[in-house]
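First the structure, in the form of structure tokens, and then the observations on it.
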Amino acid sequence: MLSRKNKLLVMKIISLFSVVRGYNIPVIVLAQYLAAIFILAKDQRALNVILDGNLFIIVFATSLTIASGYIINSFYDSQKDLINRPKKTMLDRLVSQKTKISVYFALNLMVTVIAFFVSFRAVLFFSAYIFLIWFYSHKIKKISIVGNLMAAFLAVLPFFGILLYYKNLYPEIFAHAAFLYLLILIRELVKDLENLTGDFVSDYRTIPILYGEKTAKKVITTLTLLTVIPVYFLIEVYHVGYMDIYFYASLLMLLFFLFQLRKSNTKSDYIQLHNLLKFIIVAGVFSIVLIDPIVLIRGRNILLMVCY
């Protein structure tokens, strides 16, 4: 049996894990590695990419930066989250604001130090990334439209860090990025509908608050229809292998999303739409392997030979 002190320590660890959203970070790590193997460094052997020490540092630094970003976001949004997500916020509050800030600075310092092992350019990139996350959380987040655009940009930015490392400007990369950016931007707007009460009390100037839910739904609908453009290029112009199955399925799910959006008017409705978008995004991560499944087979065979 754990003592009371040890139980409190375990709860604080769980609380910190909740604050940094540790359940999201492995997905981001996987997405970065899969993007490197199948899109950004597709001319290299998969095993070489996986064993690349510099890539590991970039991915690790990205994970720490995102974790620190969640911390500073939680720090500034504590009052709003208490209204929008009371249960999660009560768990998060087991860790004091002082501890959160200490961990935040420690993570950012660690990112800066390990980035030096890659290059000074990596240090500049992560320093800018850290600053932009803080600036968004402190100043931009409450501004209508601009806050949504910047939130989506910050979510996509880690992949441009890998892009700068490999320096491979394949045109299909930007089509993938455009599709992901639109999905994340749509998700941000749905979150605004979902968090309407807390945003209003906290004086956030979101689209639903300034212009109403009907206008927000029209904007979401327009952005959803715009996803057809990058999908067309990815399927008809660029070679994405069997990943076109994912894009066709995504369009069907987005049509269902629009149908449900018209009928949605409660917080639970918007949470369901939010979860559907998260599913499409996460499914997209795993679907990257469909671009060229033979890469995994070759990588597995090489790894077996090495182990043997």
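The values are calculated or read from the model by the stated rules, or taken from the named source; none is laboratory data. Not measured: the values here are computed from a predicted model. Cβ placement follows ideal geometry from the backbone for every residue including glycine, while neighbour counts extend to all protein chains displayed.
Results for (1) surrounded by fewer than 21 Cβ atoms within 10 Å (Cβ to Cβ); (2) in contact with a Phe, Trp or Tyr (Cβ under 6 Å, 6 or more places away or on another chain); (3) part of a helix (DSSP H, G or I); (4) of a type outside the set (D, E, K, R), shown as yes or no for each residue.
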| site | (1), (2), (3), (4) |
| --- | --- |
| Ala155 | yes, no, yes, yes |
| Phe160 | yes, no, yes, yes |
| Leu164 | yes, no, yes, yes |
| Leu169 | yes, no, no, yes |
| Ile173 | yes, no, yes, yes |
| Ala177 | yes, no, yes, yes |
| Leu193 | no, yes, yes, yes |
| Thr197 | yes, no, yes, yes |
| Phe200 | yes, no, yes, yes |
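Looking only at helices (runs of 4 or more DSSP H) that lie completely in region 19-84, which have at least 1 residues being touching a residue at least 60 places away in the same chain (Cβ under 8 Å) and acidic (Asp, Glu)? In region 19-84, the matching helices (runs of 4 or more DSSP H) lie at 78-84.
Taking every residue in region 164-189 that is under 15 Å from Tyr232 (Cβ atoms) and pairing it with any residue that is of a type in the set (S, T, N, Q) and not in a loop (DSSP other than H, G, I, E, B), at least 6 positions away or on another chain, the pairs with Cβ-Cβ distances below 9 Å are Phe179/Ser250; Leu182/Thr224.
Answer with yes or no whether Tyr129 is buried (at least 16 other Cβ atoms within 10 Å of the Cβ), at pLDDT 90 or above and among the hydroxyl-bearing types (Ser, Thr, Tyr). So Tyr129 passes the test.
If you filter region 75-102 down to residues that are of a type in the set (Gly, Ala, Ser) and either at pLDDT below 80 or within 23 Å of Thr266 (Cα to Cα) (or both), you find that the one that is surrounded by the fewest Cβ atoms within 10 Å (Cβ to Cβ) is Ser96.
You will find that of Phe125, Phe117, the residue that is in a helix (DSSP H, G or I), touching a helix residue (DSSP H, G or I) at 6+ places or on another chain (Cβ under 6 Å) and farther than 29 Å from Phe257 by Cβ is Phe125 and no other. Among the conditions (1) in contact with a helix residue (DSSP H, G or I) (Cβ under 7 Å, 6 or more places away or on another chain); (2) loosely packed, with under 12 Cβ neighbours inside 10 Å, the only one that Phe259 does not satisfy is (1).
Quick grid of which residues meet (1) closer than 29 Å to Ala46 by Cβ; (2) out of contact with any Asp or Glu (no Cβ under 7 Å at 6 or more places or on another chain); (3) surrounded by 14 or more Cβ atoms within 10 Å (Cβ to Cβ); (4) at pLDDT 95 or above:
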| position | (1), (2), (3), (4) |
| --- | --- |
| Tyr242 | yes, yes, no, no |
| Ser264 | no, yes, yes, no |
| Gly299 | yes, yes, yes, no |
| Val306 | yes, yes, no, no |
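Here Val231 fits the description: under 24 Å from Tyr33 (Cβ atoms), surrounded by 15 or more Cβ atoms within 10 Å (Cβ to Cβ), without any contact (Cβ under 8 Å) to a residue 60 or more places away in the chain and over 15 Å from the mean Cα position of the chain (by Cα). Evaluate region 39-54: report whether one residue or more is at pLDDT 90 or above, at negative phi, of a type in the set (Val, Ile, Thr) and surrounded by fewer than 20 Cβ atoms within 10 Å (Cβ to Cβ). Scanning region 39-54, I find no residue that is at pLDDT 90 or above, at negative phi, of a type in the set (Val, Ile, Thr) and surrounded by fewer than 20 Cβ atoms within 10 Å (Cβ to Cβ), so the answer is no. Restricted to region 132-149, and to residues there that are under 19 Å from Asn108 (Cβ atoms) and touching a Leu at 6+ places or on another chain (Cβ under 8 Å), the residue that is surrounded by the most Cβ atoms within 10 Å (Cβ to Cβ) is Ile133.
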